[in-house]
1. On a full-extension model of 0.36 nm per residue, what is the gain between Ile50 and Asp71, subtracting their alpha-carbon distance, rounded to one decimal in nm?
2. Rank these by accessible area, largest first, 1.4 Å probe: Tyr108, Tyr70.
3. I want the local charge near Asp43. Using Cβ-Cβ distances under 14 Å, sum +1 for each Lys or Arg and -1 for each Asp or Glu among the other residues.
4. Modelling each spin label as a point 7 Å along the Cα-to-Cβ direction, I'd like the Tyr172/Phe126 distance in nm, to one decimal.
5. Got a number for the accessible area of Ile166? Probe 1.4 Å, square angstrom, nearest 10.
6. Would you list Ser76, Ser63, Ser111 from the most to the least accessible area, probe 1.4 Å?
Amino acid sequence: MKKFFLLTAFAAFGLASAQEGFKLGAHIGAPTTGNSPFTLGLDAAYRWNIAKGFDLGVATGYSHYIGKSYDYPGGSIKGDDFGFIPVAVSGKYSFNGAPIAVGLDLGYGISTNSNVDGGLYALPKFIYNMPTGELYLGYQSISGKYGRGYYDDRPVVGKESVGAVIVGYNFYLK
């Protein structure tokens, strides 16, 4: 599946004949899963105008989830931080005559933590276009497998989706 998404991203580069825009920005969010109190990250995307109001390109970046602390009688345990590097195809549809748009980044999230595998990456978002960039609200989701050790060092393996409601701003670089 990784190869499919990478091949699609390279095909999008090859099909485009003109550079339409590079974006660089940051986001912060509130995870919807119980393993992190907040997330923050960097965004980068490169899109071409394919049709009137429709842009298609590639996106990447880094999302860092801060580990949550768990209190118990007599102390506390800090959970591990973890992060993902998305490799995605990025699409955006702008409504004619309005500063709003909808977008979707879809691809693979590469994990930076050895206990968490990468997985399917999706980021649907609502976008407000501004002269120097775009403000967006989205839901970032990465589904994959995890391996955790408990107090007796027995690893437990299962499936887990990591998700967060995020707000971000991307600057247009021309």
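1. In short, 2.4 nm is gained.
2. Tyr70, Tyr108
3. Summing Lys and Arg as +1 and Asp and Glu as -1 gives +2.
4. Placing both labels 7 Å beyond Cα along the Cβ direction yields 2.2 nm.
5. Counting only protein heavy atoms, the figure is 0 Å².
6. Most to least solvent-accessible, the answer reads Ser76, Ser111, Ser63.
The values are calculated or read from the model by the stated rules, or taken from the named source; none is laboratory data. Just so we're clear, the structure is a prediction, and the values are computed from it rather than from any experiment. Quick reminder, even Gly has a Cβ in these numbers, built from the backbone with ideal geometry, and neighbours come from all protein chains shown. Each accessible area value is taken on the protein alone, full model and side chains, heavy atoms only, with ligands, DNA and RNA left out. Shrake-Rupley method; radii C 1.70, N 1.55, O 1.52, S 1.80 Å.
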